[in-house]
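Asker: The following block contains the structure, expressed as structure tokens.
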Amino acid sequence: MTDIEPLPVDVSLFVPEAGDRPVEDPGARPRAGFCANQMAGGPIAPGRPETEVRPTRAALDLSRRWPAGTKLNVVFLNGADAWGATIRRAVRRIAPLWSDYADVAFDFDQPTAHVTVNLLPLPRLGIGYGTYSCYLGLDCLSVIRQGMPAMNLVFHPSLANDPAFLEEEFRRVILHEFGHCLGFIHEHMRPDRPIVWDEGALSATFGAPPNSWSPQTIREQIVDVYRGGTLESGLFDPTSIMMYQFPAGLARYADGSPFVSPNNAALSPMDKVLANMAYPKPGTTQPAEGVLVAGDPPKPGAIAEAGQAAVYRFHPAQPGVFVVKTEGATPLLLSIQRDRGAAAGRLFAAEGTNMNMPILLTESRDYFVAVRHARPLTGAGDFKISIQASA
């Protein structure tokens, strides 16, 4: 259980006043749902510069992380009508998917809150349809104390006209915002991102309807890099649930090739591994470290209890492409990093059974292969693992 006390909440502050809800054509297309977090470089608490911290790199801000084993009280501020009930059911169903990987639980039935969720347009607070946002981790408490919602999930009712699309949007947005709730930053705002933005193209795309963002908002939400505390790091991951969808023409990689990111509606393997590293199961007995040698027969391994990560050290004689192979029926999360037990230097993550995963290792030095069950907080099972130099 968390030792961070939840806060009392006055839900009456978030009931729309007479005439407060915008009058819209119920068949109108909702505006594009980009996440407008106040996470773009300014002080986390407006007017309190002391809450701003130094720049760093990675995907998950450990300084905003809840304690391991936390049960977060999530309070809905409003949305008592049928549409609000639909959103509430989706949140209750989808948000706990994070708990398969991060040792954090969500309780939606308490009167006090670690996280408050607004479901309605509140124009007096600058919140309209398509507002999807959440502060990072522990910062949710600071926002609640200021009398503001920690999270906004203001889905337009017209989404119900397309049930398949609605389900995809629910998964995309709810997983993304609860990722922020756990401390994940926007993937495209990493200081080590390997892409270069075309700011003219960004202005033409996001400055026009339906977003109609100002140049400042475009810089804050896309161009500027994140500034925060000590963070988990991994390879730049366009498939992360924390990545915006960007069509071709808005950015390019350093070699000039075009950058495109899909409309991600599921947690990526890297998301899952980073969540488990940031929120491991307390008290788990970890197996002894093993050694992998290129060309050796497969080694038997086991996840004997939920929460374990089987770690193997590998030292290539020379740089090159190597293939890590797993065998067996146990579904696994596989990751490779440069530093034993450290978040920094994460190279690679994949998920599946009987995997053959190539990885380019650029130095003759120790690397560390970690094997987790695909549901690391609940699963166990046997496997075999080997590594080969690629022909």
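The values are calculated or read from the model by the stated rules, or taken from the named source; none is laboratory data. Predicted, not measured: the structure shown is a model, and the values here were computed from it. Because the Cβ atoms are built from the backbone with ideal geometry, glycine has one as well, and the counts that use them run over all protein chains shown. SASA here: full protein model, heavy atoms, side chains in, ligands and nucleic acids out. Shrake-Rupley method; radii C 1.70, N 1.55, O 1.52, S 1.80 Å.
Asker: Can you give the FRET efficiency for A248 and E289, using 1/(1 + (r/R0)^6), R0 = 51 Å, r = Cβ-Cβ distance, to the nearest 0.05? Please list the in-between numbers first.
Answerer: Numbers: r = 43 Å, r/R0 = 0.85.
The value I calculate is 0.75.
Asker: What lysines sit close enough to K384 to cross-link, taking a C-alpha to C-alpha distance under 26 Å and skipping anything fewer than 8 places away on the same chain?
Answerer: K272, K281, K299, K325
Asker: Something else about it: Hey, can you find the accessible area per residue of region 66-147 for me, probe 1.4 Å, expressed in square angstrom?
Answerer: Details: 2690 Å² over 82 residues.
That works out to 33 Å² for each residue.
Asker: Rounded to the nearest 0.05, what FRET efficiency do A160 and D224 have when you use their Cβ-Cβ distance and R0 = 35 Å?
Answerer: Efficiency, rounded to the nearest 0.05: 0.50.
Asker: Among F368, F348, what's the order by accessible area (1.4 angstrom probe), most exposed first?
Answerer: F348, F368
Asker: I need the Debye-formula profile for region 97-234: one equal scatterer per C-alpha, no solvent, reported as log10 I(q)/I(0) at q = 0.10, 0.14, 0.17 1/Å, two decimals.
Answerer: -0.41, -0.83, -1.22
Asker: Still on this structure: With θ set to phi - 60°, apply the Karplus curve 6.51 cos²θ - 1.76 cosθ + 1.60 along region 368-382 and write out the HN-Hα couplings as whole Hz, x wherever there is a Gly or Pro.
Answerer: 10, 9, 10, 10, 10, 5, 4, 10, x, 8, 9, x, 8, x, 9
Asker: Could you calculate the contour length gain from A201 to A304, that is, 0.36 nm times the residue separation minus the distance between their Cα atoms, to one decimal place in nm? Write down the numbers at each step before the final one.
Answerer: Details: separation 103, 0.36 × 103 = 37.08 nm, distance 5.16 nm.
That works out to 31.9 nm of additional length.
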